[in-house]
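Colleague: My structure is below; once you've seen it, I'll send some questions.
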Protein chains: 2
Amino acid sequence: MRPTVHHVAEEAGVSLATVDRVLNRRPGVRAKTVTRVNEAIAKLGYVRDISAANLAKQRVYNLVFIIPEGPNSFMLGLESELGQAKLYSALERINLDILKVRAFDSDALANVLDGLDLTQISGVALVATESHRVQGALARLRQANIPVVTLVSDVSAAHRDHYVGIDNVAAGRTAASLMGRFVGHKPGKIALLAGSMLVRDHVERRIGFEQVISAEFPELDCLTVQEGRDDAMVTRSVLADFLGREPGIVGLYSIGAGNRGVIDVLTSKPEYGSIAVVAHELTEHSKRALREGVFDAVINQDAGHEVRSAIRLLKASIDETQVIAKQEIIRIEIYIRDNLP
Amino acid sequence: MRPTVHHVAEEAGVSLATVDRVLNRRPGVRAKTVTRVNEAIAKLGYVRDISAANLAKQRVYNLVFIIPEGPNSFMLGLESELGQAKLYSALERINLDILKVRAFDSDALANVLDGLDLTQISGVALVATESHRVQGALARLRQANIPVVTLVSDVSAAHRDHYVGIDNVAAGRTAASLMGRFVGHKPGKIALLAGSMLVRDHVERRIGFEQVISAEFPELDCLTVQEGRDDAMVTRSVLADFLGREPGIVGLYSIGAGNRGVIDVLTSKPEYGSIAVVAHELTEHSKRALREGVFDAVINQDAGHEVRSAIRLLKASIDETQVIAKQEIIRIEIYIRDNLP
DNA sequence: CAAAAATTGCTTTACGTACCTCAGTAACCT
DNA sequence: AGGTTACTGAGGTACGTAAAGCAATTTTTG
């Protein structure tokens, strides 16, 4: 039998009300008594029964997720995972509100953050674009004791409680190792294609990528980064242009989203078939590209895992409970044709 | 506000007791009334409050995990994850019992299964070795309405409710694709090292591996499978012998456990440094081997994820609730030096 | 030392579900 | 019609915790 508050009260020689005050940090208990109660808790190994507490509290967790709008598949995937999560989390008294802001627009993000009614909100998760205004808005949230989790794209550690996402430098390094091996120590040029060099995660991936290429595959030469704004149309024209201009390209690293455009260009000319391609984010398009041999590897972070992890972390912060650290690590997943889920 | 049993009772025009009888499948309700109640449930979108139900039920879930003993790192990892899970799951009224049987011994497994007191058990997870006796024992469990989940190694689908683990044929294919690319289309021989060809998962991995090698890398030649019994000592002598005997080996696929032995042999002679190595299971040893360039890639299944998934699946079976399907898919993880967790 | 303030105890109600008893009603069969 | 069976209702207690009000006690303060 697990000990209950009653046992704790008895053990500490105080009343149930006092135990309750201690447990819920309510005022009106002498420090000495608090200690006695805590000792009793430790001695009995008392752990609060979450089911019962939730029942009594009638608490609802109002979690706000802020994600960029725009038609790129990864964010659409994130949104659909959020929709899924919304269904299941209703069973656990969790309310998910999903807000969208313009991509790459930190002012819009700051506006949304400033507009939140802090009395109605128990936790916030956001895909961050960093700026002073955003930092200020986050500081205000944390001052109000509202936990903040960054998703996919981080801000500096001082402005959030957790980051849920991958180490993008390591992701870039991973891409480079794969690229180097797929090309197979033949000299040649590598094309880099990002969404925007203003986004921290893309910058970091590039850094990691070039680190490894220059250190371990010096026969490969990284060209200037092209920007496709994470948009299939833009990507298509930028990349078609670039490949036409630059002869001797043996590899392509697609750092951001907009895979559809990349696939279109690569399948447009047979001679592009020999280019080794490493891209990011597993979507229906990139899966197909892997199956058909257009892409050689895709680096992915699991959006569903990220959403669930963010929810667990926010809830744990609110309840002041522990999380299983290992479960919250987001993997840098490598997919090739053969290990697709 | 979420609807409660009271609302359902009112909506259906019956008493609370009747709703309760319907919900908990107790006898003594006319079919017509059952329908009325179910319609009310559907109309209101009533969902049982799990917290409250657990509290009232005072139910404890007694889950039994049966895993092979033996000193290989993967199983030790599984065990440690089970230990972890045991701590956390106590909070959710889940009791984990961990039983060990001799590895590769289906009779011992059947004995353990037959020895279970079915009245005391709510669910079973096991690392299966298949045999008629095991099948019979599993059938008995399922007849007693006890959900069965296989872990890491499967039996035929008729004898369990779920399989928690990876598709081992696909894992073998993945290993082969990586191997072929790492070797880089130079002709040569590939050494295969398994634990035992009596274990289904090892057989399947080999099949997948040879499929891809023969179809896409015909310049590579797979040699006879060597068996190391998933034991570092045995592996060491078997492999050292084999590599000494066979010249021209360019790649090694280590299908099972016993990585320590593999690493010892590979680092024993400098000329082995050029062999491309793909192994299974991420452990401290294999991580170090990746960092130091002894291994080129490791295929992994996340033991922690598997344990948590098995628990969730068993609990969902017992409670007759839904699971989030995507969350329960065990990935075929690829690790290289750069994406180690 | 008395008054004020702080601390503690006692008791009750509530959360939503499970499960029990007992009484009552309806339907069915002979 | 009478009896039997099958269903249904009413009401209660329980689970462990939260949260409140108010009384009683102790401690602090002037």
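Colleague: Check whether at least one residue in region B:70-82 is open to solvent by 70 Å² or more (accessible area, probe 1.4 Å), away from chain A (no Cβ under 14 Å) and out of contact with any Ser or Thr (no Cβ under 6 Å at 6 or more places or on another chain), and report yes or no.
Modeller: Among the residues of region B:70-82, at least one is open to solvent by 70 Å² or more (accessible area, probe 1.4 Å), away from chain A (no Cβ under 14 Å) and out of contact with any Ser or Thr (no Cβ under 6 Å at 6 or more places or on another chain), which makes the answer yes.
Colleague: Out of (1) within 12 Å of DNA strand C (Cβ to nearest atom); (2) under 19 Å from B:Glu92 (Cβ atoms); (3) surrounded by 16 or more Cβ atoms within 10 Å (Cβ to Cβ), what's the single condition that is false for A:Tyr61?
Modeller: Of the numbered conditions (1) within 12 Å of DNA strand C (Cβ to nearest atom); (2) under 19 Å from B:Glu92 (Cβ atoms); (3) surrounded by 16 or more Cβ atoms within 10 Å (Cβ to Cβ), the odd one out for A:Tyr61 is (1).
Colleague: Here are B:Ser268, B:Ser237, B:Ser274: which of them is modelled with pLDDT under 95 and within 14 Å of chain A (Cβ to nearest Cβ)?
Modeller: Result: B:Ser274 is the single residue among B:Ser268, B:Ser237, B:Ser274 that is modelled with pLDDT under 95 and within 14 Å of chain A (Cβ to nearest Cβ).
Colleague: Of everything in region A:25-40, what is open to solvent by 30 Å² or more (accessible area, probe 1.4 Å) and either among the aliphatic types (A, V, I, L, M) or modelled with pLDDT of 85 or more (or both)? Give them in sequence order.
Modeller: If the condition is that a residue be open to solvent by 30 Å² or more (accessible area, probe 1.4 Å) and either among the aliphatic types (A, V, I, L, M) or modelled with pLDDT of 85 or more (or both), then A:Val29, A:Ala31, A:Val34, A:Thr35, A:Arg36, A:Asn38, A:Glu39 are the ones that fit.
Colleague: Condition (residue is more than 20 Å from B:Ala257 (Cβ to Cβ) and outside any strand (DSSP E or B)) applied to region B:160-171: is it met by at least one residue?
Modeller: yes
Colleague: If A:Asp230 satisfies every condition in (1) assigned to a strand (DSSP E or B); (2) at pLDDT below 90 but one, which is the exception?
Modeller: Of (1) assigned to a strand (DSSP E or B); (2) at pLDDT below 90, only one is false for A:Asp230: (1).
Colleague: Can you find a residue in region A:15-24 that is within 24 Å of B:Ala52 (Cα to Cα), part of a loop (DSSP other than H, G, I, E, B) and without any contact (Cβ under 8 Å) to a residue 12 or more places away in the chain?
Modeller: Within region A:15-24, one or more residues are within 24 Å of B:Ala52 (Cα to Cα), part of a loop (DSSP other than H, G, I, E, B) and without any contact (Cβ under 8 Å) to a residue 12 or more places away in the chain.
Colleague: Can you name every residue in region A:330-341 that is part of a loop (DSSP other than H, G, I, E, B), facing chain B (nearest Cβ under 7 Å) and over 23 Å from B:Val307 (Cβ atoms)?
Modeller: A:Ile336
Colleague: If you check A:Lys100, A:Lys86, which single one turns out to be in contact with an Asp or Glu (Cβ under 6 Å, 6 or more places away or on another chain), open to solvent by 70 Å² or more (accessible area, probe 1.4 Å) and either closer than 30 Å to A:Thr18 by Cα or not assigned by TED's automatic domain parsing to the domain that holds A:His202 (or both)?
Modeller: Among A:Lys100, A:Lys86, only A:Lys100 is in contact with an Asp or Glu (Cβ under 6 Å, 6 or more places away or on another chain), open to solvent by 70 Å² or more (accessible area, probe 1.4 Å) and either closer than 30 Å to A:Thr18 by Cα or not assigned by TED's automatic domain parsing to the domain that holds A:His202 (or both).
Colleague: What single numbered condition from (1) within 14 Å of chain A (Cβ to nearest Cβ); (2) in contact (Cβ under 8 Å) with a residue 40 or more places away in the chain; (3) not acidic (Asp, Glu) fails to hold for B:Thr283?
Modeller: (1)
Colleague: I'd like the residue in region B:113-129 that is surrounded by fewer than 19 Cβ atoms within 10 Å (Cβ to Cβ) and touching a residue at least 40 places away in the same chain (Cβ under 8 Å) and, out of all such residues, is farthest from B:Phe74 (Cα to Cα).
Modeller: Among them, the one singled out is B:Gln120.
Colleague: In region A:175-187, which residues are out of contact with any strand residue (DSSP E or B) (no Cβ under 6 Å at 6 or more places or on another chain), at the interface with chain B (Cβ under 9 Å from one of its Cβ atoms) and surrounded by fewer than 21 Cβ atoms within 10 Å (Cβ to Cβ)?
Modeller: Across region A:175-187, the qualifying residues are A:Gly184, A:His185.
Colleague: On to the next question. Of the conditions (1) open to solvent by 10 Å² or more (accessible area, probe 1.4 Å); (2) outside the structural domain of A:Ile98 (by TED's automatic domain parsing), A:Gly172 fails just one. Which one is it?
Modeller: Going through the list (1) open to solvent by 10 Å² or more (accessible area, probe 1.4 Å); (2) outside the structural domain of A:Ile98 (by TED's automatic domain parsing), A:Gly172 breaks only (1).
Colleague: Quick check on this structure: which one of A:Arg48, A:Arg2 is within 13 Å of DNA strand D (Cβ to nearest atom), among the basic types (Lys, Arg), open to solvent by 30 Å² or more (accessible area, probe 1.4 Å) and touching a Phe, Trp or Tyr at 6+ places or on another chain (Cβ under 9 Å)?
Modeller: Going through A:Arg48, A:Arg2 in turn, just one is within 13 Å of DNA strand D (Cβ to nearest atom), among the basic types (Lys, Arg), open to solvent by 30 Å² or more (accessible area, probe 1.4 Å) and touching a Phe, Trp or Tyr at 6+ places or on another chain (Cβ under 9 Å): A:Arg2.
Colleague: If B:Thr33 satisfies all but one of (1) more than 13 Å from DNA strand D (Cβ to nearest atom); (2) over 30 Å from B:Ala303 (Cα atoms); (3) of a type in the set (S, T, N, Q), what's the number of the condition it fails?
Modeller: Of the numbered conditions (1) more than 13 Å from DNA strand D (Cβ to nearest atom); (2) over 30 Å from B:Ala303 (Cα atoms); (3) of a type in the set (S, T, N, Q), the odd one out for B:Thr33 is (1).
Colleague: Provide a single number: the residues in region B:136-191 that are charged (D, E, K, R) and over 20 Å from B:Ile299 (Cβ atoms).
Modeller: Number satisfying all stated conditions: 6.
Colleague: I'm trying to understand the selection: among the residues of region A:249-280, which are charged (D, E, K, R) and without any contact (Cβ under 8 Å) to a residue 40 or more places away in the chain?
Modeller: Of everything in region A:249-280, those that are charged (D, E, K, R) and without any contact (Cβ under 8 Å) to a residue 40 or more places away in the chain turn out to be A:Asp264, A:Lys269, A:Glu271.
Colleague: Could I ask something else about it? When the residues of region B:144-168 are filtered to those that are touching a residue at least 40 places away in the same chain (Cβ under 8 Å) and open to solvent by 10 Å² or more (accessible area, probe 1.4 Å), which remaining residue is nearest to the other protein chains (Cβ to nearest Cβ)?
Modeller: Checked region B:144-168; the qualifying residue nearest to the other protein chains (Cβ to nearest Cβ) is B:Asp167.
Colleague: Is it the case, given these coordinates, that B:Val149 is assigned to a strand (DSSP E or B), in contact with an Asp or Glu (Cβ under 9 Å, 6 or more places away or on another chain) and within 28 Å of B:Ser106 (Cβ to Cβ)?
Modeller: Judged against the criteria, B:Val149 is a match.
Colleague: In region B:11-27, which residues are more than 42 Å from the chain's Cα centre (by Cα), more than 8 Å from DNA strand C (Cβ to nearest atom) and not β-branched (Val, Ile, Thr)?
Modeller: B:Glu11, B:Ala12, B:Gly13, B:Ser15
Colleague: Spot the failing condition for A:Ile67; the list is (1) buried (at least 17 other Cβ atoms within 10 Å of the Cβ); (2) in the same structural domain as A:Glu92 (by TED's automatic domain parsing); (3) out of contact with any helix residue (DSSP H, G or I) (no Cβ under 7 Å at 6 or more places or on another chain), and only one is missed.
Modeller: The number of the failed condition is (3).
Colleague: Please work out if A:Ser15 is under 30 Å from A:Asp97 (Cα atoms) and near DNA strand D (Cβ under 9 Å from one of its atoms).
Modeller: When the stated conditions are applied, A:Ser15 does not pass them.
The values are calculated or read from the model by the stated rules, or taken from the named source; none is laboratory data. Computed from a predicted structure; not experimentally measured. Glycine also receives a Cβ, built like all others from the backbone with ideal geometry; neighbour counts cover every protein chain displayed. Ligands, DNA and RNA are excluded from the accessible area calculation, which covers all protein heavy atoms including side chains. Shrake-Rupley method; radii C 1.70, N 1.55, O 1.52, S 1.80 Å.
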